[in-house]
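Let me give you the structure first, and then I'll get to my questions.
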Amino acid sequence: MRRGECGDTEELRALYREVADFIIAARENLNFDYLMNSVSMSGREWKPDTAIRAGATWTDQALRWQRQGILLYDKRKVYGDLPGSITSVILREAKAVVASYDTLVNQWQDEYADWRRRKEQWERNHPEYMRLRDRFRRGEEERHGRFTRRAERDDAYLEWLKANPDLAAWRGGEAKVVDLDEEAERRIARAKRWKRASKRAEEFFRVNPELYALHRLHMQYEREFVRRRKRNNKWREGFKLRPTFTMPDPLLHPRWLLFNAPQTQPTGYKDLVLPSRAGRAGSIRLKLLVDTKNNGKYPSDWVHVSYRADPRLAAIRREQATRQVTRGRERGTQKPVVRYIFRDDQMGIDRPVTIKGARLILRGLPPRTGYVLSEEHPPRGIVPYLSLTVEIRDLPKTKRATAITISDTGEKTKSGKTRKKKILPDGLVSCAVDLDVHGIGFFTRAISGLPESEWTHDGLKVIQSKHLDVGHLETRGGYEIWSAGPTLEHIRDHKREIARARRKRGKPVRGERSHIRLQSHISNMGEDRFKKAARAIINEAWRGVNLRTGDEYPRADVLIMEDLKWFNPDAIRERGINRMLANWNRSHLMAFIEQFARDAGIQHGAMERVSAWGTSQVCSKCGALGRRYRIERDRDSRRPVLRFASLGEPLPLFACPNPECRGRNQTEPDRPFTCNADHNASINLHRRYVLGERAVKEFLALPKDRQAKQKRLDRIDALLRPALTRLHRLDDSDLATPF
């Protein structure tokens, strides 16, 4: 119908094409079998109300051909007595396949149009290079092929540049190429063997800056608008090919039968019985074919099926309820319906559940075309699965979360983007987590928008502080002990083990996987760790409990996390944990946090991702620039000494040098404000979200020069050292060493 192959006349072909386009572009809840009746059933003069309400223009034309008995196909002859629960699935799956292809084509067209627009804009902005574009093309033709993808590693490319010194004058400079001196040749010779080619290019372009600028433009143009990474998937023009439509194979890409829910027409299943508890079986009635084709007949019947249920289905219970009919003859009356309730043990609440279609999946079909279950081909080795679509709606956001608005200030950032401003409601409850390497991190809950008399920190009232860990209780030898679970040290050791095993194995074979079980174990350990950590954070934000009083804290409106775009792995110097493993841990953890936060109705997104830059360097009470420090053992005297951190070093304690901050909420007026460094950074995430860059203005005001910056930090160290020495009693000669 889409390709115009149906219909004897041009008018009929246009009609069928319009019907197909309407069906594919229609909403998902339309009954496609019902729409196809207008061009596949004779003897009934009617037009589909669904199409009329949608504003379709082909209904009158279809009715005219229907009266004349001219149809796309005769539904009664083609379908026979095949039940509607199967015919509707056939059309629905066909629509899904074609609609997915249309989506890919539309996406490709948008990408291609954007690519063409960027290419034309680039060529207009760089006319000097475009005048030399043919020179590069002829140079590749003289070489009988293209320069390599990393052209600067190709000696032939550098020799070609040397042979064309006029290229150095592409911006009006001198047409001259400078050769490498003896010192540069010695530096190249000292480089490692596999780095000598790139080192030679580096030295060559260092003494020929004009050629380097031209080279960068050439490689940018080749990479974005010309170069073909995969020859079979690129146009000569330089862009990927238009998607092609592939007919789905019944065995390689099966479209499993989906039975409609009881509230839809035609009904595909009914009498669903869920298991009463884990380990029990359930039952369902399905509309199935009970025999193969026999003289054009497809006998079907309701078949009672028992199934071994997933344990999670036992958490869903069935309830009888009523609903008010809003349409039809029974409008305004109450009708009994069945509702399902899911007990969410993590949240501690009951949540409504919608059970939709049931999909029958057959695993173990042999790879043979035309395979049919019959007496000659019994279903040996084929395992049937029944997949129920269970929809649990996300919890709604709080009123304060929905009241958050973003407005444009009209100002521009350094990158040219429009600066935006958040407008937060009073009494907003926010939770922030400063992520740790080994455990989860430090969790704080704060309220913003309160009068200054209620502040505990700058602009905030912090009501909860807690350090979160990944772990659980295990029973060993009759005793319950705390287990830290899969730590990064465990994952690190397994990664080293698999690296050693792969080195011994030698060069890997292309397309072959090695050490599958160990790699799967590492993945499972990581997923277990990420899910437990994310669940602990979301549960605490949803329903935290004060362990002293037993009262519940207010539910979080906003969950604030640090933006990994600004995450600096150089600050991670934990023993045995490399930067890659630390970054891998954080990125996977953030993915699960977003998923669980969306389910719990907690506002989380790009707006709540704040930069952690400077949050560990300023005081959360007053905003002054402070210092992280620790008490460690001196190597010679074995006595405890005070050591301040270098900028970005993750030491455990924080101290503020501000005199006005020293006596706040403390009995000793000359005592500096000190706290756990992760606790301080977590509260600063709140301040960064509420106050913006003003929260870390003292850190941003540090000099850019390294020496000047160090002098400023040394002055703070000199101011803090006497007070911290007295605080920790490090000048007491009688103090026993804590080590």
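The values are calculated or read from the model by the stated rules, or taken from the named source; none is laboratory data. All figures in this text were calculated on a predicted structure; none of them were measured in a lab. So basically every Cβ, Gly included, is an ideal-geometry build from the backbone, and we count neighbours across all protein chains shown. We work out accessible area using only protein heavy atoms, side chains counted, and drop any ligands, DNA or RNA first. Shrake-Rupley method; radii C 1.70, N 1.55, O 1.52, S 1.80 Å.
Which one is most open to solvent (accessible area, probe 1.4 Å) among residues in the range 37-76 that are part of a helix (DSSP H, G or I) and in contact (Cβ under 8 Å) with a residue 40 or more places away in the chain?
Q61
Can you name every residue in the range 126-160 that is assigned to a loop (DSSP other than H, G, I, E, B) and either at pLDDT 90 or above or open to solvent by less than 90 Å² (accessible area, probe 1.4 Å) (or both)? Write out each step before concluding.
Going residue by residue through the range 126-160, those that are assigned to a loop (DSSP other than H, G, I, E, B) are 126, 132, 143-150, 154.
The answer is H126, L132, R143, G145, R146, F147, T148, D154.
Among the residues of the range 372-381, is there at least one that is over 22 Å from L559 (Cβ atoms), at pLDDT 85 or above and not in a strand (DSSP E or B)?
Within the range 372-381, none of the residues are over 22 Å from L559 (Cβ atoms), at pLDDT 85 or above and not in a strand (DSSP E or B).
I would also like to ask the following. Is it the case that S430 is of a type outside the set (A, V, I, L, M), assigned to a strand (DSSP E or B) and either farther than 24 Å from E698 by Cα or in contact with a Leu (Cβ under 6 Å, 6 or more places away or on another chain) (or both)?
Answer is no for this residue.
What are the residues in the range 103-132 that are among the charged types (D, E, K, R) and more than 11 Å from W170 (Cβ to Cβ), if any?
Looking only at the range 103-132, we keep the residues that are among the charged types (D, E, K, R), and these are 110-111, 114, 116-120, 123-124, 128, 131.
If the condition is that a residue be among the charged types (D, E, K, R) and more than 11 Å from W170 (Cβ to Cβ), then D110, E111, D114, R116, R117, R118, K119, E120, E123, R124 are the ones that fit.
Just to verify a result, which residue in the range 1-33, among those that are modelled with pLDDT of 85 or more and touching a Ser or Thr at 6+ places or on another chain (Cβ under 8 Å), is least open to solvent (accessible area, probe 1.4 Å)?
V19
Report whether or not E128 is closer than 21 Å to L258 by Cα and of a type in the set (D, E). Reasoning before the result, please.
Working: closer than 21 Å to L258 by Cα: no; of a type in the set (D, E): yes.
So E128 fails the test.
A follow-up question, please. Looking at the range 675-697 only, could you name the residues that are closer than 19 Å to L653 by Cα and open to solvent by 10 Å² or more (accessible area, probe 1.4 Å)?
Hits for the range 675-697 are C675, N676, D678, H679.
Let me ask another. Filtering the range 329-364 down to residues that are open to solvent by less than 60 Å² (accessible area, probe 1.4 Å) and part of a loop (DSSP other than H, G, I, E, B), which residue is nearest to R535 (Cα to Cα)?
Per the stated criteria, the residue is M347.
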